[in-house]
Amino acid sequence: MRLTLKSVQQQAQTAGYEVEKVASGYTVNGQTFRLLAEVVNYLNTCLEAPVSLELTINEVQQIAQQMDFLVQPAFVGYEIFYHGQVLGLAKKLSEVVEVLPQYKEAIAKYYEAELLEQVVEPEIEFVDIDGFYNFEALVKGEMIAELSHDAFNSSNPWYVSVSGIEVYRSALYCEATDWVKSQYVAGTLSQHEAQKVQVLTTRSERAATIEVLEQHGDEFIVHNCENNHYYVVRPNHVEPKERCECADCHYRGVKCKHQIAVEKFLAQSLEQAIPSVALPLDDLLDIPFDELTAKDWERLREYSTPTKSMELVAA
């Protein structure tokens, strides 16, 4: 017997139930269902009214499509898909029709639980700002963090920055976004800004590992001993993001350790080029302590006041 409203009505009436077609679907003794397959499943499982099903694969596929399912013939029956994933296998088409409402109910409960979990999750939007794997994490339009990709770090290329300072690294983009979400929920994301001074100090210290190899006008060739990479530094370039070839500078426009190393190199070169003029020892005694150089202190240590015999002259 085919799955039609008339055939279902006839079989339901023999068991004492009224099946009617309404605007929102179908009713069984006043109880509303959206699909006729749900009516059959209700009659068979809940009311034990014998309703038989004899359907073609096309008819079952149409029923499944209304419920966002896909049914395809398989070697040992029929596979049931939902959004590209196989949910189960049925041997008969009648079994497919009976199980579809059950799958639909289970999926609805799953998404209902997922929506409840989303209520407590932060509404953070990750926006691609330039198409080069640089993202801003926004909450109500306000940026709380930045995500970037470091092509030179193969193990942990994704890093999170707060107030321009790197605070976290991970291997995957999803790990970085999950970290931002968890830190924001815990209320600890803004605390990473307090690490700014410490990180800046660390960046300055890491500049000591940079070797300035060559200078060609305003361009400097430097060697990063940590990752064994070479970079071109242009400290006077008008565009901050073009002053070094490293990702730290190119994507965030900050003063990287390579630029700091070049600044130190130029300062040392200038100091060596300017001849120092030794001040008279007596003049050194009038200079504040914080303005004295190492050579000044060395001269002061060697300085000794001449001792002369002092005669008391009576008035």
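The values are calculated or read from the model by the stated rules, or taken from the named source; none is laboratory data. What you are looking at is a predicted structure, and each value in this text was computed from that prediction instead of being measured. Every residue, glycine among them, receives a Cβ derived from its backbone with ideal geometry; neighbour counts consider all protein chains shown. Ligands, DNA and RNA are stripped out before the accessible areas are found, and what is left, the full protein with its side chains, is counted by its heavy atoms. Shrake-Rupley method; radii C 1.70, N 1.55, O 1.52, S 1.80 Å.
Quick check on this structure: which one of Val238, Val232 is open to solvent by 90 Å² or more (accessible area, probe 1.4 Å), modelled with pLDDT of 80 or more and either part of a loop (DSSP other than H, G, I, E, B) or hydrophobic (A, V, I, L, M, F, W, C) (or both)? The conditions single out Val238. When residues in the range 17-45 are screened for being farther than 20 Å from Ser94 by Cβ, open to solvent by 60 Å² or more (accessible area, probe 1.4 Å) and not hydrophobic (A, V, I, L, M, F, W, C), 8 of them pass.
Quick check: anything in the range 121-136 open to solvent by 60 Å² or more (accessible area, probe 1.4 Å), at positive phi and at pLDDT 80 or above? Scanning the range 121-136 turns up at least one residue that is open to solvent by 60 Å² or more (accessible area, probe 1.4 Å), at positive phi and at pLDDT 80 or above. Is there a residue being charged (D, E, K, R), open to solvent by 50 Å² or more (accessible area, probe 1.4 Å), under 41 Å from the mean Cα position of the chain (by Cα) and modelled with pLDDT of 90 or more anywhere in the range 71-88? Within the range 71-88, one or more residues are charged (D, E, K, R), open to solvent by 50 Å² or more (accessible area, probe 1.4 Å), under 41 Å from the mean Cα position of the chain (by Cα) and modelled with pLDDT of 90 or more. Considering (1) at pLDDT 85 or above; (2) touching a helix residue (DSSP H, G or I) at 6+ places or on another chain (Cβ under 8 Å), the lone condition that Glu38 does not fulfil carries the number (1).
Within this structure, Lys109 fails the test of being basic (Lys, Arg), touching an Asp or Glu at 6+ places or on another chain (Cβ under 8 Å) and at pLDDT 80 or above. Can you find a residue that is open to solvent by 40 Å² or more (accessible area, probe 1.4 Å), at pLDDT below 90, within 19 Å of Leu189 (Cα to Cα) and touching a helix residue (DSSP H, G or I) at 6+ places or on another chain (Cβ under 7 Å) anywhere in the range 141-156? No, there is no match, as no residue in the range 141-156 is open to solvent by 40 Å² or more (accessible area, probe 1.4 Å), at pLDDT below 90, within 19 Å of Leu189 (Cα to Cα) and touching a helix residue (DSSP H, G or I) at 6+ places or on another chain (Cβ under 7 Å).
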